[in-house]
Amino acid sequence: MSGPRLDAPFGRLIDRSCPTQFEFEGQVIQGFEGDTVASALLAADHWLISRSFKYHRPRGPLSLAGHDANTLIQTPEAPNRLAEELAAGNHPRLRAQNYLGSLASDRYALLDRLGRFLPVGFYYRAFFKPRGIWQFWERFIRAAAGLGVANLEVQPRYTDKQYLFCDVAVIGAGPAGLNAALTAAQGGADVLLIDEHPYLGGALTYHRFDVEGTQSQDMLNTLCDAVTQHKGIRILSRATCNAWFSDHYLPVFQGDRLFKVRAKQCVLASGSSEQPVVFRNNDLPGIVLCSALDRMLCHYGVTSRAPVVVLAGNDSAYLTAVNALEAGLTVAAVVDLRSGPGDTDLVTVLANANIPLYTNATVYEAKTDSSGVRLGKVHVHTCAADGSVGALQAVIPCGILAMSAGFMPAYQLACHGGAQLEYHDDRSAFALTRLPEGMLLAGSVNSIHELAAVCVDGRNAARRALRALSLTTDEDETRHCPQTVNHPWPIFKHPRGREFVDFDEDLQIKDIINSARLGYRDIQLVKRYSTVGMGPSQGRHSALTTARLIAKATGRTVSETGVTTARPPVKPESLGVLAGRRFHPIRTTPLHDRHRALGAHMIPAGSWRRPAYYGDPKDRAGCIEAEAQAVRTGVGIIDVSTLGGIELRGAHAAEFLNRMYTYGFLKQPVGKTRYAVLTNEQGVVIDDGVAARFAETHFYVSATTTGVDRVYRDMQRWNAQWRLDVDIANVTAAFSAVNVAGPLCRDVLLAAGCDLDLSPEGFPYLACQEGRLAGIPARLMRVGFVGELGFEIHVPSLMAAALWDRLMSAGEGFGIRPFGVETQRLLRLEKGHIIVGQDTDGMSHPGEVGLDWAVSHRKPFFVGQRSVKILAAQPRCRQLVGFALSPAAPMPKEGHLVLRGRDIAGHVTSCEYSPTLGQIIGLAYVHPDDSGPGSTITVRTDRDVCVAANVVALPFYDPDNLRQGL
Amino acid sequence: MPLGLLKYGRGDKYPYEQHADLPGPTQLRDHYDVVIIGGGGHGVATAYYLAKYHGITNVAVLEKAYLGGGNTARNTAVIRSNYLTPEGVRFYSASVKLYENLSNEFDFNIMYSQRGQLTLAHTDATVRAFRQRAEVNKHFRGRTELIDRQAIAELVPCLNLDPAELPVLAGLWHRDGATARHDAVAWGYARGATQRGVELHQLTEVTGIEQSQGRVTGVVTNRGRVNCGCVVQAVAGHSALLADKAGFALPLVAYPLQAMVTLPVKPFLNPLVSSSALHCYVQQTSRGEIVIGGGSDPYPLYQSRASLPLKESLIASAVDLFPFLSEMRLLRQWAGITDMTTDYSPIMGLSPLENYYLDAGWGTWGFKATPICGQTMAQLVASGGQVPDLIAPFALERFDRFQQVNEMGATAASH
């Protein structure tokens, strides 16, 4: 389907030589390159595009600028796309949304007839008796609401983001914005001009600013040429500046790209939203804003055989009538809410064209044609300035009604910056005040509508920006005062209702008033109770009317009533574009490929990936058992590169450590390591590690894999206060490390070649030394986390792979076996070592978890000391203990509760079957009275099976610490 | 269609004024037995229970802006009781019980919808923590269980089980999890309270607290001063600022918390889904909008303006969880100010002033506690300062006594 188009200069956006087509509701629609889906549908005389949210009323375009919800349609991929913005032809198959049956005859439209029983907020009044019945009703209400259907199969497209910087961002490329951009650029500023449409010029491209229609055309050509040729202006078209964030941080959406713009000054030339007249059935397809008719003609060359009626609340609507006339449309009448136009020439123009003019009159009711879904005629009544309606003057058949009750500044971006809207009774209009610093208004958003004044206003805004940037000292030009474009009361209540204030939410005059009658008097409460302004157009066309209605209903002024503020975004924005590429960095150690080659099962550890064990996950227990066996009887090797590493260097390094950690470090000998526990100011254990002293002024401290970033940050924060002479460097990634453990580990190291004396005397337990291992410069520490003779070897990360390879080949004859982090968890559990974060929680203090010994009581201060002391003096509420169970018992899991009678005494934090010990062992928080070895605790396992476990002394394995000291 | 709606067929002739939910504005009186500062859910709930169950009706609720306009209006309406500590579980479970009957108690539909809440675990540490929460909940007869990937896939088929390099390992399925129309909760309480004689004064800001010998004697407002028998403060994000006016400090830090909502689509998601590792939760309202929220902003601030970086990261996580959301449209984002305690539990009960009662520290978890807060605070006020057992663990002194109620793990990003 297609229809004839107007000749140029009408249809400036379409390329008549490039036809396109698409399917809408199964019907093939022809259009041209440059058409939107909506314009092509209108050209095919297809005005019914959607069904409304609540009553499922037929709807067609209102603004044709993408500013309302009436043309939301469904693509195969996405719900809720605006037909006014979708390029015709890009989406071959489109459907309307929110109907049952067909778009033309929606079975849900029954709701429109039931509407009288569905007062505002009806869902608060029913559907809840008897108790619980809401969940039954909710299903139907949810199904009826909700607009489009999400396609659950689609995958995110690739989208990208880009930063841009500029001196002056000009938002809106209408006459004000073009003038502002040009003046700012001529003044030497780097200008970014942003406009949501595919063309420059804004209203100059469709609106007639004078009867002859020459003024805007000339200006458009001159300004566009100058702006596009100026090197200081970058232009972003089809780009929506969708929010204003602090310090002029502007997200600009252009297709699939999000530009994040940081501007020094921000000229807001975003224009204004034309306002509808509120009368019965003002939502029928065919009833549009004057600017929409202008766009239809000038942008798309879409014509109509049906007569047009213009409903004017200002002079500018007359110019739409002139435009329509020139386009060859039949203008059946102009109906003026006022006593006549301010410019009396307009009367003459209409008279010359034999167009009836009704003054002090309004359309009181619109009626459908025979289709039942499209405007067919309007009833014109006399009216007064207060909205009271008199006698019927005429019934005028028409297919299009173009209306303008005035304009509302496009206030959204200013409101994001905290600006307020203030009502001016003399002009019956809201204006913006209290703008954020560096935001300047220009043009109709600044309530200036007369073209020459708009241009001056644009230039003046640019000058103010230039002055703020110290690029000019030029003063402002003088400009005319704002003219009145708003009718004070374009609201005509009808006894039978259906005068829509909010098209998105299907709210009529009575709904707004009844909200106030119910006590929801504050505009915010009106919004929340009635949902006015909560739909896709976010109050663009409803806020002004709502403020007026509520002011009248509550006996306040419109200024006192106000409007609800606008929140970002300005227009609904794509989640996919906001999400962008969704970069998920993971960290791998230099040995990652080695682990993979050895068949490691990798698991996340913070942002790292670590081997859990090596082998088939189906035989997890077997793998772990074999690895543990190797460590206990031979030798194992584990990659511990993910452990945090922090270098502390400086005269006060020991003093710094002494203040950060609970133990004493001042007297720690060079060449020795010490266990280091970190508490926070609440006395809670938050991290642990080993501090190795390599020189008087040099410590190398480890931290947990997931905790090191916080530890490093805390260290810097504290030293910002303490001002100690110490350099703190996070060298986690610079160093990589392995732990070689097991009775044969010394042999492996010797086989690999080491220039240090590794004998028990030369390198005793807890010693640390720097030397060369297998030719690689290394830091060696004797540690005992897994409870065997063990060396932790730290080398520069570049050499880690070489170290691994040499140790593996040196260890081949000794049966060296890599082991993973889950095996390590078992081994350390056997040894009774806790893991901070697993065996501790957000309340664990050192005493509770058996770390009293690691807290120095002789030093004056450490972070958390006061709290630790207070906690230590209090009666303990729980204690972490070891427990053991026979291997036949139901296996407790980590997180299972320890019960004491009917009360929760604690929970299991670690639990494994120990093949070495042949029993189930674990750690659990228990009541202090049950914490002595020999006590029995009750653990509730899966399916509520309670098992009695014996509390045993730690460690489970090698209680005399003979093995790690070998 | 329910028959209850037939009476509205009279159209404009229906006497809405006679059935108004809220009375019009009135003058402030000289004296009230109880002044409640803060006309959010907690404030009006306290007034409601005072009036209905304790016969105390000489009560003024003073609200600096409008009814339920702070965090009551801004929260994302998550109701749940799957906390970690016995104290927390007992308290929030009592709240859920009250919620279940609230529409009928009010004769006003708050649209309480028990859809269940699913929290995803992506690390074995979280699986352990979830098992503990499930066990604690079960102990107090809550309906919470740890479920595996397959059960998750059956529950929410459209969920991506391998998001963001963080495969889902298990889920905490909380059948009692629910949502409700948040505004309606405040309105229902305000309606019930004002019908019983409580005065709700909107646009009435408290600027000073008058006291003598450790007792509050009156409050100064922008509309004049009033004498009072006692004061309840229930001002959420501004708790520390108001306490400062009363002359004492609260251990609170205010952080902005943001949330956002998409254009409505037809229903596809029933439970509330949140991810512990991605700091993101997603739910679908009965209007069809998708509500997306996450953790608090990373820096303290008394400001409720939304920000771009948080929106980007939060939406990225939501798209990771539900890839098809990428084709949906974001309609609105907003922020509230949350008053965070170090242990993620509230501060309720007595204050350093004898007749000044605290309902503060509600951080990101205040909405779900509204009914039980109202009930317990009313008991506290009516008894002249006898702290109900249910809220005794949340006393302000716990921070001095080192007896915190740590709900950190059960709160982050799930609210």
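Among the residues of the range A:831-849, write down those that are aliphatic (A, V, I, L, M) and assigned to a loop (DSSP other than H, G, I, E, B).
Those that are aliphatic (A, V, I, L, M) and assigned to a loop (DSSP other than H, G, I, E, B): A:834, A:835, A:836, A:843.
Evaluate the following for residue A:259: is it in contact (Cβ under 8 Å) with a residue 24 or more places away in the chain and assigned to a strand (DSSP E or B)?
yes
Would you pick out the residues in the range A:850-870 that are surrounded by fewer than 22 Cβ atoms within 10 Å (Cβ to Cβ), assigned to a helix (DSSP H, G or I) and not aromatic (Phe, Trp, Tyr)?
A:852, A:854, A:865, A:866, A:867, A:869, A:870
Anything in the range B:106-131 that is free of Cβ contacts under 8 Å to residues at least 24 places away in the same chain and either more than 9 Å from chain A (Cβ to nearest Cβ) or under 25 Å from residue A:904 (Cα atoms) (or both)? List them, or say none.
The answer is B:125, B:128, B:131.
Please list, ordered by first then second residue, the pairs with beta carbon atoms under 8 Å, 6 or more apart or interchain, first in the range A:511-528 and over 18 Å from residue A:565 (Cα atoms), second assigned to a helix (DSSP H, G or I) and of a type in the set (S, T, N, Q).
Going by the 8 Å Cβ cut-off, the qualifying pairs are A:511/A:530; A:515/A:530; A:516/A:554.
Consider residue A:431 carefully, then state whether it is farther than 28 Å from residue A:303 by Cβ and free of Cβ contacts under 8 Å to residues at least 40 places away in the same chain.
Yes.
For the range A:638-756, which fully contained helices (runs of 4 or more DSSP H) count at least 2 residues that are at pLDDT 95 or above and in contact with a Leu (Cβ under 6 Å, 6 or more places away or on another chain)?
The helices (runs of 4 or more DSSP H) meeting that bar are A:653-660, A:745-752.
Applying the selection to the range A:920-940, what residues are buried (at least 20 other Cβ atoms within 10 Å of the Cβ) and either over 18 Å from residue A:839 (Cβ atoms) or touching a helix residue (DSSP H, G or I) at 6+ places or on another chain (Cβ under 9 Å) (or both)?
If the condition is that a residue be buried (at least 20 other Cβ atoms within 10 Å of the Cβ) and either over 18 Å from residue A:839 (Cβ atoms) or touching a helix residue (DSSP H, G or I) at 6+ places or on another chain (Cβ under 9 Å) (or both), then A:921, A:922, A:923, A:925, A:937, A:940 are the ones that fit.
Whether any residue in the range A:33-51 is part of a helix (DSSP H, G or I), touching a Pro at 6+ places or on another chain (Cβ under 8 Å) and either within 14 Å of chain B (Cβ to nearest Cβ) or free of Cβ contacts under 8 Å to residues at least 60 places away in the same chain (or both) is what I want to check.
Yes: one or more hits.
Could you please find all residues in the range A:90-141 being surrounded by 14 or more Cβ atoms within 10 Å (Cβ to Cβ), of a type in the set (Ser, Thr, Tyr) and more than 8 Å from chain B (Cβ to nearest Cβ)?
A:99, A:108
Tell me the residue from B:204, B:217 that is within 14 Å of chain A (Cβ to nearest Cβ), among the hydroxyl-bearing types (Ser, Thr, Tyr) and either free of Cβ contacts under 8 Å to residues at least 60 places away in the same chain or under 23 Å from residue B:370 (Cα atoms) (or both), please.
Details: B:217 fails: within 14 Å of chain A (Cβ to nearest Cβ).
Of the residues listed, the single one that is within 14 Å of chain A (Cβ to nearest Cβ), among the hydroxyl-bearing types (Ser, Thr, Tyr) and either free of Cβ contacts under 8 Å to residues at least 60 places away in the same chain or under 23 Å from residue B:370 (Cα atoms) (or both) is B:204.
Would you point out the residue of the range B:284-299, among those that are under 20 Å from the mean Cα position of the chain (by Cα) and surrounded by 24 or more Cβ atoms within 10 Å (Cβ to Cβ), that is farthest from residue A:150 (Cα to Cα)?
B:296
Do we have any residue at all in the range B:334-345 that's over 30 Å from residue A:75 (Cα atoms), in contact (Cβ under 8 Å) with a residue 12 or more places away in the chain, touching a Lys or Arg at 6+ places or on another chain (Cβ under 7 Å) and not assigned by TED's automatic domain parsing to the domain that holds residue B:261?
Checked the range B:334-345: no residue is over 30 Å from residue A:75 (Cα atoms), in contact (Cβ under 8 Å) with a residue 12 or more places away in the chain, touching a Lys or Arg at 6+ places or on another chain (Cβ under 7 Å) and not assigned by TED's automatic domain parsing to the domain that holds residue B:261.
In the range B:1-52, how many residues are over 30 Å from the mean Cα position of the chain (by Cα) and of a type in the set (S, T, N, Q)?
So the answer is 1.
Which residue is nearest to residue A:77 (Cα to Cα), if the candidates are limited to the range B:295-315 and must be facing chain A (nearest Cβ under 7 Å) and free of Cβ contacts under 8 Å to residues at least 12 places away in the same chain?
In this case the residue turns out to be B:312.
Could you list, in sequence order, the residues of the range B:229-262 that are within 14 Å of chain A (Cβ to nearest Cβ) and either surrounded by fewer than 24 Cβ atoms within 10 Å (Cβ to Cβ) or within 30 Å of residue A:605 (Cα to Cα) (or both)?
Our first condition is that a residue be within 14 Å of chain A (Cβ to nearest Cβ); within the range B:229-262, this holds for B:251, B:253, B:256, B:258-262.
Of everything in the range B:229-262, those that are within 14 Å of chain A (Cβ to nearest Cβ) and either surrounded by fewer than 24 Cβ atoms within 10 Å (Cβ to Cβ) or within 30 Å of residue A:605 (Cα to Cα) (or both) turn out to be B:251, B:253, B:256, B:258, B:259, B:261.
Quickly run through the range A:866-921 and pick out the residues that are more than 12 Å from chain B (Cβ to nearest Cβ), more than 25 Å from residue B:136 (Cα to Cα) and touching a residue at least 60 places away in the same chain (Cβ under 8 Å).
Residues satisfying the conditions are A:914, A:915, A:916, A:917.
Filter the range A:564-590 for residues that are facing chain B (nearest Cβ under 8 Å) and without any contact (Cβ under 8 Å) to a residue 24 or more places away in the chain and give the result.
The answer is A:575, A:584, A:586.
Quick one: is residue A:687 crowded, with 21+ Cβ neighbours inside 10 Å and among the acidic types (Asp, Glu)?
yes
The values are calculated or read from the model by the stated rules, or taken from the named source; none is laboratory data. Quick caveat: nothing in here was measured; it's all calculated off a predicted structure. Cβ atoms come from the backbone with ideal geometry, glycine included; neighbour counts cover every protein chain shown.
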